[in-house]
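Notes for the one structure printed next.
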Amino acid sequence: MTLEQSSYLWLLLLVPCFMGCSFLSFNKANDWLYRFAHTKKPQVPYALATFFLSLALTALISALAEPKLQYNKVVFNRSGIDVVIGIDVSKSMLAEDETLPEEGKKLFAIPNRLNRARYCALNIVSALKGERTGIFMFASKGVSIVPLTNDYGYCQYIIKHINDATITIPGSDLSQAIATGVSLFEGSSRKTVKTIILISDGEDISEDSAPIHEAAQRAAAQGINIHTVGIGMGQAVMIPIRDSAGTTIEGYYQDEDGAYLKTRLDQDTLKGISATTGGSYFRAHDERSGDGIVDTILKHARTIEYTRATEPAWFDLSPGVLCAALLFFILGIIVGR
């Protein structure tokens, strides 16, 4: 136990002074009572009243000293969580079937899928508090951009400055995306809760979903949860070509046969990835998706033993001591009557 304001303890000298003054007062009152009425006051009630009032004064002074008791508290250790965010940067992410909230419009001028994905990733990073995070981007291949770090400012800078004008890679390989996310956890000696967040429209360059399912199973075997975030709408839309300034649409992407390329959100693929690894599926247009993803990660992490840590804490005894002082005071008044 410790006292935060031990300098108040000198006031305890008032307790014997109070008891002495009370004793003198009782004797003087008894003398006057005997002179005029030839009787004396009973000593037991007086002694009990003085005792309880002295305890009340002692407790009050002790409360001023702010006594605190140390104990060991089990806390949730958020630093035991690693979160890797993957952003789809394939050509289909340039489709403009998404909207940006007012805050997003201040950051990104074009309301396409990529900018909505970047805004979602920024919200996820902003909701982190102590977790390590890494960033990677993927299209036909995955590329690690930021290794696991607690430097959220740097992660946000990288996300904000993806140059969407240079994106020309058609198609995404989601199995490669999962493998790239898993690779960011390699070499870490810490035992942590590992989570990958894939932000994509779900379209894959292969019509065979087996490689995606196998990659998700390998991630799940390593204890990695994958949460997916769907970008775009369910209807097929064309992919615009903008000028270098990004202000004017000059045309739309076409395939080798001259047909316009169309893209749509494939929710089933994304839901399959998250279901295989025990993760959850979210939609980017949900304003609270960033916080929802982090809350889901934390909810899962709280069930794992090694995310708990023990740290010393202090319990303030002052309120209890004040209650005791009030009780002693009331007892002193009652007994004294």
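Bear in mind these aren't lab numbers, they're just calculated from the coordinates by the rules spelled out. Everything numeric here is computed off the predicted structure, so don't read it as measured data. As a convention, Cβ positions derive from the backbone with ideal geometry for all residues, glycine included, and neighbour counts pool all protein chains shown.
Within the shell of other residues whose beta carbon sits under 12 angstrom from the beta carbon of Ser188, the net charge comes to +2, with Lys and Arg scored +1 and Asp and Glu -1. Pairs from the list Lys106/Lys129; Lys73/Lys271; Lys105/Lys191; Lys191/Lys299 with a Cα-Cα gap above 29 Å: Lys73/Lys271; Lys105/Lys191. If the convex hull of the alpha-carbon atoms of region 87-141 is projected onto planes in all directions, what is the mean projected area in square nanometres? Quarter of the Cα hull surface area: 4.3 nm².
To the nearest whole percent, what portion of all C-alpha pairs in region 77-303 is separated by more than 29 angstrom? Display every interim value, and only then the final one.
Values: 5451 of 25651 pairs.
Roughly 21 percent, rounded to a whole number.
Of all DSSP beta bridges located in the chain, what percent are antiparallel, nearest 5? Taking every DSSP beta bridge within the chain, about 50 percent pair in antiparallel fashion.
Using a Gaussian network for the chain with springs between C-alpha atoms less than 10 Å apart, which of these wobbles most: Arg35, Arg288, Arg78? Its mean-square fluctuation being the largest, the pick is Arg35. In straight-distance terms, cross-link reach from Lys40 covers every one of the lysines whose alpha-carbon lies under 17 Å from its own, apart from those fewer than eight places away in the same chain; here that gives Lys28. When the Gaussian network model of the chain links Cα atoms closer than 10 Å, the mean-square fluctuations of Ile85, Ile273, Ile61 top out at Ile61.
Summarising the amide proton neighbourhood of Arg283: residues at separation of 5 or more, or on other chains, whose placed amide H is nearer than 5 Å comprise Gly230. Near Asp97, the amide H atoms lying under 5 Å from its own belong to Arg113; only residues 5 or more places off or on other chains count, and H is placed 1.01 Å from N.
Dipole orientation for the chain: of the candidates Cys21, Trp314, Phe36, Phe36 has the Cα lying most toward the positive pole (charges on Cβ; Lys, Arg +1; Asp, Glu -1).
Could you tell me whether region 235-292 comes out rounded, prolate or oblate from its Cα gyration tensor? Rule is a ≥ b ≥ c as square roots of the eigenvalues, rounded for a/c under 1.5, then prolate if a/b exceeds b/c, otherwise oblate. Judged from the Cα gyration tensor, region 235-292 comes out oblate (a/c at least 1.5, b/c at or above a/b). Residues of region 307-328 with amide nitrogen under 20 Å from the 7 Å Cα-to-Cβ point of Leu11? Flagged as within label range: 316-328.
Can you compute the helix-only [θ] at 222 nm over the chain? Use -39500 (n - 2.57) per DSSP H run of at least 4 residues, normalise by all residues, nearest 500 deg cm²/dmol.
On the way: 10 runs with 141 residues, N = 337.
Only helices count here, giving -13500 deg cm²/dmol.
Remark: the Glu311-Val75 segment gains 84.2 nm on full extension, using 0.36 nm per residue and subtracting the alpha carbon distance.
Looking at the chain, identify the longest residue range that excludes and avoids all GluC sites (Glu not before Pro) in DSSP loops having at most 15 other Cβ atoms within 10 Å.
Values: sites that count: Glu4, Glu186, Glu207, Glu256, Glu287.
So the longest stretch without any such site is 5-185.
Distant-in-sequence amide contacts of Ile135, defined by a placed amide H-H separation under 5 Å and a gap of 5 or more residues or a different chain, comprise Ile85, Ile145, Val146. On a C-alpha basis, how far is the centre of region 229-270 from the centre of region 15-71 in Å? Whole number, if you could? Using only Cα atoms, the two centres lie 88 Å from each other.
Between the Cα long axis of helix 267-277 and the first principal axis of the chain there is an angle of about 50°, rounded to the nearest 10. Comparing Ser206, Ser318, Ser183 in a Gaussian network model of the chain where C-alpha atoms under 10 Å apart are linked, the largest mean-square fluctuation is found at Ser318. Relative to the longest principal axis of the Cα atoms of the chain, the long axis of helix 113-127 makes an angle of roughly 20 degrees.
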